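What follows is a short report on a single structure.
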């Protein structure tokens, strides 16, 4: 673990220091858990009160604050600066160099690049091509004809079906399945007949697939996950789906087949998206939303069915008042009926409403 002064960290992230630049930083933590020697950050205004009570050695903020007692590192984007400092102080997980295990099963026609580590009982099938500096963990399965770029990591029990294509620096976490047959059947006289799935799955550079995901191959075209997109645990991606670059899909999202999702989209946990729709660029979808229609660029949607966020918040805020509103409407209906009778006016609508 690295130890740095606050001044050194500020120089590293392109920020500046308010307070003692010689403060020694050994680690990083949250505002409420940090102690001396830790650096923390404020990225969400919800936690601004914790700046006044934190015991951190220093904090990363977007502007200097006179009411904060600890030294401050001023950065344009505190969360990004925090990430850089985390990498500097702690580094990413290190992968032990073991070479190619004699217990791995590698087909004679497979090609494995230089400086790869292939663990016990990993399986690499015929004509698979593995790039340089890749890590393949125990019991991972690399199917026939898979093409994998450099610096990829395939964790234990992950499965790459035949023909899948991975770019550089792709990570597939444990128990994920990439390239399984799409859920495609022709139902005839009550029997479901399987349709051959002739496409593959393409994972572009810097894609990460979470644990337990299922990414289906396309029926006719390919399923494509764009560059830099990160997919959380237990996400299901249907056949022929196209997901753009630098998207974030949180855990348990389900995307039905032949859906197109643009670039830089954020999709919250447990969102369900129907097939054959188009979602634009820079779209944000709130957790547990149900998306059944196209969404244009730059929209924020919530709810099931998903609607524009402001409208959804107003609608859902009324739900708790619906019983009272219903009773008020009934009372008003009765009053209108009484008034109509007093005036000798027939009102069929109020009569029907009163009988309900």
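Computing Rg and the Kirkwood Rh from the Cα coordinates of segment 160-274 gives a ratio, Rg/Rh, of 0.98. Where the centre of each part is set by its Cα atoms, how far does segment 49-68 sit from segment 202-277, in angstrom? First find each Cα centre; the distance between them is then 38 Å.
The relative contact order of segment 114-271 comes to 14 percent, based on Cα pairs under 8 Å that sit 6 or more residues apart.
Antiparallel as a % of all DSSP beta bridges within the chain, to the nearest 5? In the chain, approximately 15 percent of DSSP beta bridges are antiparallel ones.
For the chain, the relative contact order works out to 6 percent when only alpha carbon pairs closer than 8 Å and six or more residues apart are counted.
Listed from fewest to most Cβ neighbours within 10 Å, the set 6, 220, 166, 89 follows the order 220, 89, 6, 166.
Computed from the Cα positions only, the extents of segment 13-67 along the three principal axes stand at 28, 22, 20 Å, in decreasing order. Per-residue packing, averaged as other Cβ atoms within 10 Å, sorts the ranges 167-178, 119-130 into the order 167-178, 119-130, beginning with the highest. Adding -39500 (n - 2.57) for every DSSP H run of four residues or longer, then dividing by how many residues the chain holds, sets the calculated 222 nm ellipticity at -5000 deg cm²/dmol. Note on log10 I(q)/I(0) by the Debye sum over Cα atoms at q = 0.07, 0.14 Å⁻¹: of the candidates (i) -0.48, -1.16; (ii) -0.34, -1.26; (iii) -0.42, -1.14, the value calculated from this structure sits at (i). The fewest-to-most ranking of 205, 222 by surrounding Cβ atoms within 10 Å reads 205, 222. Note on residue 44 and residue 191: with the Förster distance fixed at 51 Å, the Cβ-Cβ geometry gives a FRET efficiency of about 0.45.
With a cut-off of 8 Å between alpha carbons and a minimum separation of six or more residues, what is the relative contact order of segment 4-90 in percent? Present the calculation step by step, with values, prior to reporting the outcome.
Values: 184 pairs, mean separation 26.1, N = 87.
Reported as a whole number, the value is 30 percent.
In nm, to one decimal, how far is the modelled label at residue 64 from the one at residue 266, with both set 7 Å along Cα→Cβ? About 3.0 nm, to one decimal. At the listed q of 0.08, 0.17 Å⁻¹, the Debye profile of segment 105-312, built from one uniform point per Cα, gives log10 I(q)/I(0) equal to -0.28, -1.06. Here segment 12-103 carries DSSP beta bridges of which approximately 25% are antiparallel, counting only pairs with both residues inside. Mean projected area of the convex hull spanned by the Cα atoms of segment 232-356, taken over all viewing directions: 10.4 nm².
No lab work stands behind these numbers, since they all come straight from the coordinates. Nothing here was measured: the structure is a model prediction, and the numbers come from that model. When we count neighbours, we look across all protein chains shown, and the Cβ atoms used for this are built from the backbone with ideal geometry, even at glycine.
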